[in-house]
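Written out below as structure tokens is the structure these notes cover.
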Amino acid sequence: MKVLLVEDNRADAVLLRETLADTRDKPVELVHVEQLKTALERLATESFDIVLLDLSLPDADGMETITRTQKEHPELPLVVLTGLDDEATAVKAVRHGAQDYLVKGRGDGHLILRAMRYAVERKRSEEALREANEKLQAVIDTAPVAIYTMDFEARITGWNAAAQRMFQFTENEVLGQLLPNVLQDDREQTLAAYQRVLAGEDLRGVGARRRRKDGKVIYVNMWTALLRDAGGKVNGFLAAVTDVTERKQLEEQLRQSQRMEAVGRLAGGVAHDFNNLLTIITGYSDMLLNKMPEPEPLRRNVEEIKKASGRAASLTNQLLAFSRRQVLQAKVIDLNEIVADMNKMLRRLIPESIELVVNLEPQLGHIKADPGQIEQVIVNLAVNAREAMPQGGKLIIETANRELDEHYCRRHMSVKPGSYVMLSVSDTGAGMAPDVQEHIFEPFFTTKTGKGTGLGLSTVYGIVKQSAGEIWVYSEPSLGSSFKIYLPRVQAAAERAETAVQPPTPASGRETILLVEDEETVRMLVREILQSNGYSVLEAKNGAEGLALAGRYNGKIDLLLTDVVMPQMSGRELAEKLCPLRPGTRILFMSGYTDDAVVANGSVAPGSAFIQKPFSPDALARKLRMLLDRQRQKQPGRGIRN
């Protein structure tokens, strides 16, 4: 062992040399200098294993000797030499970085040698620990996961770069702070969880809410590990945190989509069954009114029944819109033109206390949608905004071109990235709490006690979805709401509105019609309508019975009028089996579902003649006459067409 002794008292130096001379089996090379300056010069040119350093030198005194030596040679172990009455100073020196201290004149050579070897080993251990800590700190600083450490009181003691990026607080802003990223409402629960961690419980991917510096709430998963000092005593813990806000939002979007899809299927089924009932109510009401003279006292009662059935039919149409089973007459349109044309109507719709602001992008792209349905969307959103501003406010309608990238679509909505036209309807009204926003598009959900049906926004949702678009809402209590609708942009010129064609006058006939309907009351009504218009009627309650009846009947069957959805044999199957037997027979399908719905699920072939329930006797008569008077066209490969 090569030792540099820095001691200005020569007698003390001689005594130490003689003491170490007794350790001949473990030789020590002792180099003696009397000043710190000389020692630093020797250290700069020679290699030593350890420095024995007196704290009182001609050119340095006290802690200065340690500070200067460590500054220039931090890798060398230091053992302080002290007198019998200066042991407290030596202890202080150890706290300042010396590895040990020796009291002059005390102990034999072997004891001094062991102390020096212990100092060397301790320095090596400290260096190894320092290197390990530096590596660990480098890992923590560069980790993509937010990592921070806390003491027993849950005060921050460490904060890596990822934590700063996640929570937006700098290290200086959080060090020594108590739960700076925990919401006030969650503090008590969080402190209790941290106490369990300090007691030995580990958190493994536990979910929690946290807040950023800007106040935004994020959702995180957390893992913890205890921190211990050199003696193994717990002195805090480390938390590794990942931001799962985006994943949670996607999961919530999926749950919301599944819930809305389930509600949509239910709504569509209810509308289908309800339309069968409305067919009966509407049909018999019309038939009664046709037979009642104007002075008849009961005529007004029947008219009220018909009006009620009309309102009920309107509700079922809204349910069908929500379940995306409406008939859409889509065309390429200019959204700006629709908004501009509705301007006067919207101003009549809202009171004078509400200011209407319309901002339209001049070079707005075109969309493909049903103009009437888009108008209904705007009206429903405007009415919703009006109800949110009973004391007045501002209604803002905007259009804009938008390019939605993959990240935005993944985070906010389920549409594909691409070019879109945005329609925004915003208000400065009461706004909505998060728990209300979760249900606003569901049928019959409303916060207006005793007012409305709760179908306005669900209708908007269904129309937007059926138009291949997406609707997104942002709202906060007392800060208003903003509905943003994104519809795919198309590269085509807008189509001109077509002049409505007046339907032909209802006419009777003498043809034979095969009526197949599984609902007895509906079948009875349709039979009566057909017979009252002069038709001969063959009726059956299901497909198999209808097919058998067609096989037995010797006369000509001019038209098959069949329900689409029936047990055992569907209307389409019946038509396909009847055509080879009766090649000249025309086909008319009827259903409580819409044309789009039955075509989409394969219930009827595209282009087939169809009438939706509920229908009036006049509507059915016009449809029948149109088909029977039209020359039948054969189009091979397109299925059944009439």
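The values are calculated or read from the model by the stated rules, or taken from the named source; none is laboratory data. It should be emphasised that the depicted structure is a prediction, and the values quoted were computed from it without experimental measurement. All Cβ positions, glycine included, derive from the backbone under ideal geometry; neighbour counts span all protein chains shown.
Below is a table of values for the structure above.
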read-out	value
Every residue from the stretch 172-218 that is within 20 Å of residue 238 (Cβ to Cβ), outside any helix (DSSP H, G or I) and of a type in the set (Gly, Ala, Ser)	176, 199, 200, 205, 207, 208
Within the stretch 455-482, considering residues that are more than 16 Å from residue 382 (Cα to Cα) and part of a strand (DSSP E or B), the one farthest from the chain's Cα centre (by Cα)	476
Residues located in the stretch 15-32, provided they are of a type outside the set (Asp, Glu) and either part of a loop (DSSP other than H, G, I, E, B) or farther than 21 Å from residue 117 by Cα (or both)	23, 24, 26, 27, 28
Restricting the stretch 136-171 to residues that are within 30 Å of the chain's Cα centre (by Cα) and in a loop (DSSP other than H, G, I, E, B), the residue that is surrounded by the most Cβ atoms within 10 Å (Cβ to Cβ)	160
Failed criterion for residue 105 (all others in (1) surrounded by fewer than 13 Cβ atoms within 10 Å (Cβ to Cβ); (2) at pLDDT 75 or above; (3) of a type outside the set (S, T, N, Q) hold)	(2)
Extreme residue, modelled with the highest pLDDT, among residues of the stretch 414-438 that are assigned to a loop (DSSP other than H, G, I, E, B) and loosely packed, with under 15 Cβ neighbours inside 10 Å	417
Matching entry among 82, 45 (being modelled with pLDDT of 85 or more and closer than 25 Å to residue 127 by Cβ)	45
Out of 530, 561, 549, 525, sole residue that is modelled with pLDDT under 90 and within 25 Å of residue 510 (Cβ to Cβ)	525
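Rundown of residues vs (1) under 19 Å from residue 521 (Cα atoms); (2) among the β-branched types (Val, Ile, Thr); (3) modelled with pLDDT of 90 or more; (4) out of contact with any Lys or Arg (no Cβ under 6 Å at 6 or more places or on another chain), yes/no style:
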| residue | (1), (2), (3), (4) |
| --- | --- |
| 557 | no, yes, yes, no |
| 594 | no, yes, no, no |
| 599 | no, yes, no, yes |
| 607 | no, no, no, no |
| 621 | yes, no, no, yes |
| 632 | no, no, no, yes |
